[in-house]
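Peer 1: Sharing a structure below in structure tokens format, with a few things to ask.
Since every read-out is calculated from the coordinates, none of them should be taken as a lab result. These figures come from a predicted structure and were not determined experimentally. Note that each Cβ is placed from the backbone with ideal geometry, even for glycine, and that neighbours are counted across all protein chains shown.
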Amino acid sequence: MFEIGWGELLIIGIVALIAIGPKELPGVLRTLGQWMSKLRRMASEFQSQFHEAMREAELADLKKQVDDMTSQAQSYANFDPVSEVRQELESTQQQIESMMIEKPAVETTSPPVAAQSNPASVGGEAGAARGSDVAAPEAEPVSAGPDPAKPDGKPA
């Protein structure tokens, strides 16, 4: 705190001895010691109160964190995914309904002839080159006769 060396203390002692005198010097030193002890006590009390206030502030922060964690744990304990999905579906349905109300219903018409399925257009340019000469293969009729591939000749 104070940087007073031995040489400086010796000079202060000699000046005090000359100024105060040898009879009253012990009483003055005793009083000076009492004041110094009072100052140290006051400084330590202030320091301890300051540290206590810091601990209380830290405890308040810790209590707030614990309360936040507790409330978050409670929200996890009450977790219901079905109700959340239901709420999402209802909100989406409301959005769709509001969009349907905003836009009038458009009459649906049959697609243009070019967009309809055409065997000639299925094959791309090659199919277009063949034109309508290529017919779609027809399914072979199923007969109930004997099956030549089977050894007993009975139909499947």
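Peer 1: Output ³J(HN,Hα) for the range 36-48: one whole-Hz value per residue in order, computed from phi by the Karplus curve 6.51 cos²θ - 1.76 cosθ + 1.60 with θ = phi - 60°, and x for Gly and Pro.
Peer 2: Couplings: 4, 5, 5, 4, 5, 4, 4, 5, 5, 5, 4, 5, 5 Hz.
Peer 1: Shifting gears a bit: Working out 0.36 nm times the residue gap between Ile11 and Gln65, then minus their Cα-Cα distance, what length gain in nm do you get to one decimal?
Peer 2: Taking 0.36 nm per residue and subtracting the Cα distance, the gain is 13.6 nm.
Peer 1: If you take every residue apart from Tyr76 with its C-beta less than 14 Å away from the C-beta of Tyr76, what net charge results, scoring Lys and Arg +1 and Asp and Glu -1?
Peer 2: Result for the neighbourhood of Tyr76: -3.
Peer 1: What do the square roots of 5 times the Cα gyration tensor eigenvalues come to for the range 7-58, in whole Å, largest first, as semi-axes of the equivalent ellipsoid?
Peer 2: For the range 7-58, the ellipsoid semi-axes come out as 38, 12, 5 Å.
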